[in-house]
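The structure appears below as structure tokens.
The numbers here are math on the coordinates, done by the rules we state, and not lab data. Fair warning: this is a prediction, and the values are worked out from it, not measured in the lab. Neighbour counts are summed over all protein chains in view; Cβ atoms, including those assigned to glycine, are modelled from backbone coordinates with ideal geometry.
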Amino acid sequence: MKKICMIASIVAASFHASGAMAEDALKIGLTGALTGPVAGTYAPAVEGLRLYVDALNAGGGINGAMVELILQDDGAEPSRAAANAKRFITQDNVVMMINASLSSTFAPSIAETSRAGVPLMFAASACPQEVFPPANANLFCTTAFGAKYDSHAALQFIEGQAGSDIKIGFQAMAIPLSRGEIDYAEGVAASMGMTPVAKEITPPPAPDYSPFASNISDAGAEWVWSWAPWGAQVKTFEALRRLGWSGSYVAYAHLEAESELARVHDETFYLVGANALFTENLPVMQTITAAAQAAGSSYAANQLTEGWIAGMVIEAALKAASDPGDAGSVRDAMSNLTVDLQGLRGGPLVWTETNHFRTTQSYRVYRWNAANNAIETVQDWTSFDVE
Amino acid sequence: MSKPLPNASGHFRRSHADEFRLIETGFSRTMLALFIIALVSFPFLFSSFYVDLAAQVFLASIGALSLMLLTGIAGQISLGHAGLIAAGAFTAGILFKEFALPFWVTIPAAALVGAGIGVLFGLPSLRLRGLYLAVSTLALHFIVVFLGGEYETRRGFSTGILIDPPVVFGYEVYSTRAWYFTLAVAAAVTLWICINLMRSRSGRAWKSIHANETVAEAIGIGVTRYKLLAFVVSSSMTAVAGALFAYYRGFVSIEAFSLYLTIQYVAMIIIGGMGSLLGALLGAVFVTLFPYIIEALVSVLPGADRLAGSVFAFNYAAFGIVMILFLVFEPQGLVGIWRRIRDYFVLWPFRFKAMGGRK
Amino acid sequence: MQFAVNILVLASIYALIASGYVLIYRVSRVLNLAHGELMMFGAYLLVTTAAGLSSSPVVAILLALAMSLMVGGLVYLFLMRRMTGEMALAAVLTTVALGILLRGLILMFWSASPQHPRDTLGWENPVLMLPGDARISLFAALLVASTILVYAGLFAFLRFSRWGMRMRAAGQNPLLAAQRGINLHAVFALAWALSTFTGAIAGMLIALDSGLDSTMVMIGLKAFPAALVGGLDSLLGALIGALIIAAAEVGVIKYVDPLLADVIPFAVLVVMLVIRPWGLFGTREELDRV
Amino acid sequence: MTAEPLLVVEKLEVVYQRAITAIQGVSLKVYPNQIVALLGTNGAGKTTTLRAISGFLGLDDARVTEGTVTYRGIHLENREPYEVTRHGLSLVPERDKVFPNLTVAENLAVVPGRRGRSNRRMLEQVYHFFPGLKDLRRREAGLLSGGERQMLAVAAGLMCDPEMLLIDELSLGLSPVAVQSLTASLVAIRNELKISILLVEQSAVVALEIADMGYVLENGRVVLDGDAQRLLNHSDVQEFYLGHTGGDRRSYRDVKQYRRNRRWYG
């Protein structure tokens, strides 16, 4: 115990040393999977958020108060996420906490923040059930993808392209979240009159996706809907093509989408997504690109969208709060918030008392156009009301 | 295997009863009392962040002690520790979710399930040794994790099973402080069980199996029985730790039980010092706190802000380096360092021990 | 027919990786659990050399291979050499720690984004048609070919070259090998270098075929049952073991449930450990020596 | 014996596991082109002496704590085995003396050369002394008979191109015929290659027959030394090592008594 005390005091001393620099800053704590095998999904988003906050501070912060973003790694481990949450709440007195990690870290994050009344925002991590109506007062989500709505959007798109008299295959990764969504999609497809012929669930690291792809191809699927982390989606697709499969493949447009569409350059590889791609070259996108270049970021600017949006929401929430230094006040502001996303999504992000996901969720469908040698929007923003 | 003399000089055991005392000298009694006072006052002196860290250390101690019993004492290498913790956590989670059973049913149930799996894990040990045993337990880990994942998905708990805080004697264990004391008691009980097991026939049997299986068999120790016993005892303690983990975190999800967790526990007993219960405790403290220490140290480095993106990768790498340094330069682990420091003070101003002194 | 090709490709991947486990275990009785990381490290080296030398792809690949050969040797000389004579678990754990270190380094230097060295090098990955309407991508075919070449090379090296014989000798009786004037450290370092080299070939070809990210390390771990089923100290065993595991896995994906793909290698392994712990072609007395 | 001694062991002391002293104050010299026998019963310290010379103590957690081993003036205490071999000393161990899964030819081929002599020439030389091995060269060493195995072990030792061979228990477990042939080969090797041989033996008859010099070790000390002829005729050696009792047999207790005396007065 003496040892613990000693170490604890060392840790305490160094925490205080680092924490002392910005006493009156508005503190926001982020726990994220910044290391470990899933880091690729979360680290770029966190980078985007960090750049946004830096830009925000350079521009004078929130009414003169700096925003201090405290990043903590949890390596997707619940124990470390819990400790991070405790630290944010008891040590740093954050006004908002952000979770950018695997779903296994949700429960401890939710438990800690709910008790302390600190709003918890999910950014880049999957939106939990509690943010959909009727929403938990304390939980919010800015992440682009949303379970069930994604599948509806994708299946509607497929129906619009090929009607409902088709054989459809599904692909998921062997993690509960992805499997749950694909199981749901299978049911929806059947109710729409489509014929589900194959459902392949690939392990997180498959050395070769051909065996799985063979099953889809052999079952005669004409369309495939895939909702999984990026690697599983695109590797299954590429394996299908290598087998000579000529059907159409619809996948979710994760943050890798933009560079990957150009790499894969296949005209019937469709990506359904809620974020705008950088080919549009909107002013906000130029800002992001400039910020990424100035910071020498190791991630492409088009991967930073998710984090940038989270930053916009944070700024809006803090500005709307009557007392941005008080967590309760920030939470109240978030429960009634409209954020103009400047074209990064299909519309503004609107949170109400009962809906902390967004009131309308819009999707675009993209693909590669070989003739123009560019990304093309196959279907412009299609909105779904979230109820 | 006679019990070593207490380290304070000038103390001799004078009666048969002396041999069986856990606390032998007034000095150690005082130290223990002080230690307990420190433990009790800790949560009232520090913020709940540190209290939570301490609670994590207690939880890790239970797992580390049970692994030490199996690997450090009985010499049976296991890489299935995370699988066992998962089994315990899922037992508690499933019993709570499906049958709404209370705390005092799920914890013993977890112990029973752990014991059952212990037999399963232990059966290969009758044929396999060393590396091969480690690999077979690793395989079982994957099977447990697979089954847990299947349960989660099939029942639709895709973000994990949520568990309500346990109610003990009408009191809901929820606050950090309450968990601190609950886990401290659980760790103390585990330690007490382990100390007494070491002093018993089974403890001696395990040590002799560790030293030399053939000789152990030759001097009449039922190697089969004691090997299985080691697996059963260790596994059921580990499963209880898993169940406690489930309640403590308020949820169970299969992603929490990766191979990395096993590595952390193995690192605890190696860094702590093989074959010593104190080592397991020191290792649990070290490995649990290490990421936080590194983080804190890096953040006080000049220019830490610029590193922000890669700082976590750096933490990760630093953990690897520290493990390597321990393995290469201090095979005795923290307990070896501790003994050297203690001997220095006990013997001061002399530099060497007399013959027959404690090793 | 496609079924057979799928098995063949997967078996090649497993066999190529497993040869690394076998080489080190056979020569120095150390189980290298950092093999997955070393293989991934080799693939990332290619990412860097490809970026620097995109105009001459072959040079980039050769340079990356040479570097991984060196990395393996250095790992032995600076790290594992100190673990000779320590207990088996400590040596295994050192490799685990090395793996953690490597993962951290990879994340630091190459970030977590997926990498596509084949695009950097400007190569296509055309599909080759095989009889029986089976298809295989060029790099998968190269993977199969490299596996055959590597195994043939290793067999010849161990059989006919003097250093190969020394590796076998050191594996059988390190004491006597030292007495005969064989520099054991050199032999062990060579084993580590070769093992990292073959691992890197696997890593690079997988990366060239389907891209590279940090999950590759888990592929390294999945090849481990192949090495064990065949017998940890037998190259032939690793080859046969890889075939068995790959056939079981692909068979389960096709006929039973793709979900079992991750479990089946370890299930086969458990069965093997119960029936014949030292593997199909392993040496029996090794069991007690560990 | 006018030349400088090749190997000088001076007051050597070896301690196992920091606790057990195996040999104490052992001194011996080996001159060029000489066969020296090191005699003694089980546990006398013969093998420890040999291991101390050849650098094999580290593996048993033993160390040279005092004294020196010099070979041509180079200190060899606590060196790595392969370094010792490169200096020109080659050890033929008592057990596990061949690689069982390698063929005879491979067993010979794994040995790294020294002084830049081609491996092939060394091989020819070895087959010259042990023509029997040439026919067996494709056979796995594990399948050889005891005599053939010993032959191979000595041959592999020769492949190191040594100036001095250290042989541990040449005759142990071999038939008299095999021993005869081996000793003949050793003499031929000494005569033709002009190298020295340090021969550790339990069987004094075998050793002293071909040796020039002899040392008798007991309980970790040298109790008797001298040229082979003198030792052969020494009454104690005759009595205890050659078994020439001269009539009435002495009991084991007498032998023990004798040893104690030797230790005290010797």
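The table below lists the values:
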quantity	calculated
Cα-based convex hull, segment C:20-74, per residue volume (Å³, whole number)	69
Cβ charges +1 (Lys, Arg) and -1 (Asp, Glu), total dipole of chain A, debye	800
Phi-based couplings in Hz for segment D:68-77 (Karplus 6.51, -1.76, 1.60; Gly and Pro marked x)	9, 10, 10, 10, 6, x, 9, 6, 10, 5
Estimated vicinal HN-Hα couplings, Hz - segment D:160-168 in sequence order (Karplus 6.51, -1.76, 1.60; Gly, Pro = x)	6, 6, x, 9, 8, 9, 10, 10, 9
Under Karplus coefficients 6.51, -1.76 and 1.60, residue-wise ³J(HN,Hα) of segment A:343-350 in Hz, glycine/proline x	x, 5, 9, x, x, x, 8, 10
Segment B:96-255: translational diffusion in µm²/s, Stokes-Einstein, Kirkwood Rh over Cα pairs, 37 °C, 0.692 mPa s	185
Test item: B:217-226 mean partner chain Cβ contacts at 10 Å	0
Percentage relative contact order, chain B, counting C-alpha pairs under 8 Å, at least six apart	28
Ratio of the Cα radius of gyration of segment D:102-202 to 2.2 N^0.38 Å, where N counts its residues	1.01
Footprinting exposure proxy for B:46, B:27 (fewest neighbouring C-beta atoms within 10 Å first)	B:27, B:46
Cα centroid of segment D:7-78 to Cα centroid of segment A:76-130, whole Å	68
Simple label model, 7 Å out from Cα along Cβ direction - residue B:224 to residue B:278, nm	3.9
Share, in percent, of DSSP beta bridges within chain A that are antiparallel, nearest 5	30
Amide hydrogen neighbours beyond the local backbone of residue B:251, cut-off 5 Å, H modeled	B:163
Quotient of C-alpha Rg and 2.2 N^0.38 Å, computed over chain B	1.04
For A:241, B:199, D:121, order by how many other beta-carbon atoms lie within 10 Å, fewest first	D:121, B:199, A:241
Too-long pairs where the Cα-Cα distance tops 20 Å, listed order kept, from D:11/D:97; D:11/D:194; A:148/B:97; D:29/D:97; A:27/A:319; D:46/D:194	D:11/D:97; D:11/D:194; A:148/B:97; D:29/D:97; D:46/D:194
Whole-Å semi-axes of the ellipsoid equivalent to segment A:149-253 (Cα gyration tensor, √5λ, descending)	20, 16, 11
Given charges at beta-carbon only (K, R positive; D, E negative), |dipole| of the protein assembly as shown in Debye	5880
Within segment A:27-147: Cβ-based charge dipole about Cα centre, in debye rounded to nearest 20 (Lys, Arg +1; Asp, Glu -1)	160
Computed over segment C:15-218: relative contact order in percent, which uses C-alpha pairs under 8 Å that are six or more apart	43
Dipole of the protein assembly as shown, positive direction: furthest Cα of A:318, C:208, D:198, with charges on the beta-carbon	D:198
Relative contact order (%) - chain A, alpha-carbon pairs under 8 angstrom, separation at least six	17
Approximate shape of chain A as ellipsoid semi-axes (Cα gyration tensor, √5λ), whole Å, largest first	38, 22, 20
Dimensionless Rg over Rh [segment C:15-218; C-alpha; Kirkwood]	1.00
Among B:130, B:116, B:72: highest mean-square fluctuation, GNM of chain B, C-alpha pairs under 10 Å	B:130
Dipole-positive endmost among C:51, A:219, B:228 within the protein assembly as shown (Cβ charges, Cα centre)	B:228
The protein assembly as shown, helix-only ellipticity at 222 nm - DSSP H runs n ≥ 4, -39,500 (n - 2.57), divided by all residues, nearest 500	-17500 deg cm²/dmol
For B:164, A:165, order by how many other beta-carbon atoms lie within 10 Å, fewest first	A:165, B:164
Three principal axis lengths of the protein assembly as shown [C-alpha, angstrom, descending]	117, 82, 54
Gained length - residue B:147 relative to residue B:188, 0.36 nm times residue gap less alpha-carbon distance	11.6 nm
Theoretical FRET efficiency, 1/(1+(r/R0)^6), r = Cβ-Cβ of residue A:381 and residue C:276, R0 41 Å, to 0.05	0.10
Most mobile listed residue (C:261, C:202, C:64) in chain C, GNM with C-alpha springs under 10 Å	C:261
Given charges at Cβ of Lys, Arg, Asp, Glu: segment C:149-290 dipole, positive-most of C:219, C:239, C:259	C:239
Alpha carbon centroid spacing (whole Å) that separates segment B:102-154 from segment B:27-52	35
